[in-house]
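Asker: Sharing a structure, written as structure tokens. Questions coming.
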Amino acid sequence: MIGYGRQHIDDHDIAAVTAALMGDMLTCGPAIEAFEAELCRISGAAHAVVVSNGTSALKLMYQAAGVGPGKRVGVPAVTFVATASQALLLGAEVVLLDVDPQSLNLTPEILERCREHLDFVVPVHFAGRLVDLPGIAAVAARKGITVLDDAAHAFGSTWGDDPARPEWRCGDGRFSRATTFSFHPVKNITTGEGGAIVTPDPVMAAKLRSLRHHGIQHGDFHGDLAAVESKASWYHEFHHPSTNERLSDMQAALGASQCRRLADFKAERAQQVDRYRRELPAHARPPAPAPGQQPFWHICSAQVDWLAIGKTRAQTMVEARAAGIAFMVHYMPLHHHPILAKVARASDLAGADAAFPGILSIPCYVGLTAAQQGQVIAWLTALKR
């Protein structure tokens, strides 16, 4: 079965995990700091905090930023539900924002038109195609909104060849207070399950490290035993209610190993998307990235004209699976999920609803052979005949 995505593991990854297993520490050990250093190197971030998964990354980022009761968080209508649900779990109010129907990204123009009060906005870099974050940040600054971006799809994406825009790397911290990554097996690199928050703010980074470890704090003591016991090596305090969101050293070792091949991973996926754009017919062609942008394509999302084909998406996916190809849909707009059906909307979300009927994620991953990709192209091309 040719799936829409999958992990790529080699002997270097296996050796890295084996070395971690043979080491002295399986959690809270040196592999964590090594992986965090790799994330900073690649993203340009000042601080990285790795956690157990991408959803945990969102939750802790929101918690550290002050998302909670009385706060309103703007979330694009096309994203995985965790972007919104973690704000709801903290007691905040979610406001759904529309997306551009081609890129499926929030745009500065959409945020500018928003008349709902927002305390935070969380742009999502859909499929690895970068949001115009400098533009979003400029609008947010005028409106007094804090930017926190969800880059679960975009670790390794960059924007730098367009002289009209400042060069930046996803997560470098110049246009948002913090950014989250995900390392699920179908993401740009994998740790099995895993995620991270990167931030330019050392105070926020310190709070995130506490939050991922039950809320334990090893400094700034002010408990009633601090005057007597705080000099002891074992002494610690709990300042925030939190949970265990740690990543293991085995997972971190895998992540650091994967980071060393990130450029190769990115190039291979880019070649696949370029081939799709060259060879697929107009009724199933993925949209192009913005000029000067170098996305790390997490998924290849085509916009399919089902009316022109004369078939439904559901029927097509059943037939494709019978032919050995497993497509996917990313994502059903959030306002069509019962949990979010009644939350506030900044508009009628026409862009999201216009895009949704045509969305189809097609195979794009490291290890997809030229012959397999040719099979996908031939199958999609034949749909209209």
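The values are calculated or read from the model by the stated rules, or taken from the named source; none is laboratory data. Note that the structure is a prediction, hence the values are computed from the model and not measured. Note that each Cβ is placed from the backbone with ideal geometry, even for glycine, and that neighbours are counted across all protein chains shown.
Asker: Quick test for you: out of G68, G91, G54, pick the one residue that is touching a residue at least 60 places away in the same chain (Cβ under 8 Å) and among the small types (G, A, S).
Answerer: After ruling out the rest, the residue left standing is G54.
Asker: Output the residues belonging to segment 339-353 that are farther than 12 Å from V94 by Cβ and either touching a residue at least 40 places away in the same chain (Cβ under 8 Å) or in a loop (DSSP other than H, G, I, E, B) (or both).
Answerer: S347, D348, L349, A350, G351, A352, listed by residue number.
Asker: Follow-up question, since we're still on this one. Identify the single condition in (1) buried (at least 24 other Cβ atoms within 10 Å of the Cβ); (2) part of a loop (DSSP other than H, G, I, E, B); (3) of a type outside the set (G, A, S) that H117 does not satisfy, given that it satisfies every other one.
Answerer: Only one criterion is unmet by H117, namely (1).
Asker: Are there any pairs with C-beta distances below 9 angstrom linking a residue in segment 293-321 that is outside the structural domain of L280 (by TED's automatic domain parsing) to a residue that is assigned to a loop (DSSP other than H, G, I, E, B) and surrounded by 13 or more Cβ atoms within 10 Å (Cβ to Cβ), with the two at least 6 apart or on different chains, and if so which?
Answerer: If the second residue must be assigned to a loop (DSSP other than H, G, I, E, B) and surrounded by 13 or more Cβ atoms within 10 Å (Cβ to Cβ), no pairs are left.
Asker: Mind listing whichever residues of segment 256-271 are surrounded by fewer than 21 Cβ atoms within 10 Å (Cβ to Cβ) and either not hydrophobic (A, V, I, L, M, F, W, C) or not in a helix (DSSP H, G or I) (or both)?
Answerer: R260, R261, D264, E268, Q271
Asker: Inside segment 327-367, can you point out the residues that are more than 22 Å from the chain's Cα centre (by Cα), of a type in the set (A, V, I, L, M, F, W, C) and over 21 Å from Q102 (Cβ atoms)?
Answerer: Once the filter is applied, which keeps residues that are more than 22 Å from the chain's Cα centre (by Cα), of a type in the set (A, V, I, L, M, F, W, C) and over 21 Å from Q102 (Cβ atoms), segment 327-367 yields A341, V343, A344.
Asker: Filter segment 285-334 for residues that are within 29 Å of I42 (Cβ to Cβ) and of a type outside the set (A, V, I, L, M, F, W, C) and give the result.
Answerer: Residues satisfying the conditions are P286, P287, P289, P291, G292, Q293, Q294, P295, H298, S301, H330, Y331.
Asker: Same structure, new question: Which of the residues belonging to segment 274-301 are surrounded by 18 or more Cβ atoms within 10 Å (Cβ to Cβ) and either over 19 Å from the mean Cα position of the chain (by Cα) or part of a loop (DSSP other than H, G, I, E, B) (or both)?
Answerer: Once the filter is applied, which keeps residues that are surrounded by 18 or more Cβ atoms within 10 Å (Cβ to Cβ) and either over 19 Å from the mean Cα position of the chain (by Cα) or part of a loop (DSSP other than H, G, I, E, B) (or both), segment 274-301 yields Y276, L280, H283, A284, P286, P289, P295, F296, W297, H298, I299.
Asker: Within segment 281-338, work out how many residues are hydrophobic (A, V, I, L, M, F, W, C), out of contact with any Ser or Thr (no Cβ under 9 Å at 6 or more places or on another chain) and at pLDDT below 95.
Answerer: Number satisfying all stated conditions: 4.
Condition check ((1) surrounded by fewer than 18 Cβ atoms within 10 Å (Cβ to Cβ); (2) out of contact with any Asp or Glu (no Cβ under 7 Å at 6 or more places or on another chain)) across all residues:
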{"residue": "D305", "(1), (2)": "yes, yes"}
{"residue": "V318", "(1), (2)": "yes, yes"}
{"residue": "P338", "(1), (2)": "yes, yes"}
{"residue": "L349", "(1), (2)": "no, no"}
{"residue": "L360", "(1), (2)": "no, yes"}
{"residue": "Q373", "(1), (2)": "no, yes"}
{"residue": "A382", "(1), (2)": "yes, yes"}
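Asker: Which of the residues that make up segment 122-151 are part of a loop (DSSP other than H, G, I, E, B) and closer than 13 Å to V73 by Cα?
Answerer: Once the filter is applied, which keeps residues that are part of a loop (DSSP other than H, G, I, E, B) and closer than 13 Å to V73 by Cα, segment 122-151 yields V122, P123, G144, I145.
Asker: Here's another thing I want to ask about it. Taking segment 75-99 as the search range and keeping residues that are closer than 26 Å to A288 by Cα and surrounded by fewer than 22 Cβ atoms within 10 Å (Cβ to Cβ), which one is nearest to the chain's Cα centre (by Cα)?
Answerer: F80
Asker: Got at least one residue in segment 235-245 being free of Cβ contacts under 8 Å to residues at least 12 places away in the same chain, more than 25 Å from G194 (Cβ to Cβ), of a type in the set (S, T, Y) and surrounded by fewer than 18 Cβ atoms within 10 Å (Cβ to Cβ)?
Answerer: Within segment 235-245 (the criterion being free of Cβ contacts under 8 Å to residues at least 12 places away in the same chain, more than 25 Å from G194 (Cβ to Cβ), of a type in the set (S, T, Y) and surrounded by fewer than 18 Cβ atoms within 10 Å (Cβ to Cβ)), the answer is no, since none of the residues qualifies.
Asker: Right, here's the next one. So, of the residues in segment 20-59 that are of a type in the set (D, E) and closer than 17 Å to S257 by Cα, which turns out to be surrounded by the most Cβ atoms within 10 Å (Cβ to Cβ)?
Answerer: E36
Asker: Considering only segment 119-137, state which residues are in contact (Cβ under 8 Å) with a residue 40 or more places away in the chain and either of a type in the set (A, V, I, L, M) or not assigned by TED's automatic domain parsing to the domain that holds S157 (or both).
Answerer: If the condition is that a residue be in contact (Cβ under 8 Å) with a residue 40 or more places away in the chain and either of a type in the set (A, V, I, L, M) or not assigned by TED's automatic domain parsing to the domain that holds S157 (or both), then V121, V122, V124, A127, L130, L133 are the ones that fit.
Asker: Okay, next question. Which of the residues spanning segment 200-244 are among the hydroxyl-bearing types (S, T, Y) and touching a Gly at 6+ places or on another chain (Cβ under 6 Å)?
Answerer: S242
Asker: Then there's this: Return the pairs, sorted by first residue and then second, in which the second residue is aliphatic (A, V, I, L, M) and assigned to a helix (DSSP H, G or I), the first residue lies in segment 1-23 and is within 17 Å of V273 (Cα to Cα) and not assigned by TED's automatic domain parsing to the domain that holds A252, the beta carbons are less than 8 Å apart, and the residues are 6+ apart or on different chains.
Answerer: Once the first residue is within 17 Å of V273 (Cα to Cα) and not assigned by TED's automatic domain parsing to the domain that holds A252 and sits in segment 1-23, its partners that are aliphatic (A, V, I, L, M) and assigned to a helix (DSSP H, G or I) give I2/V376.
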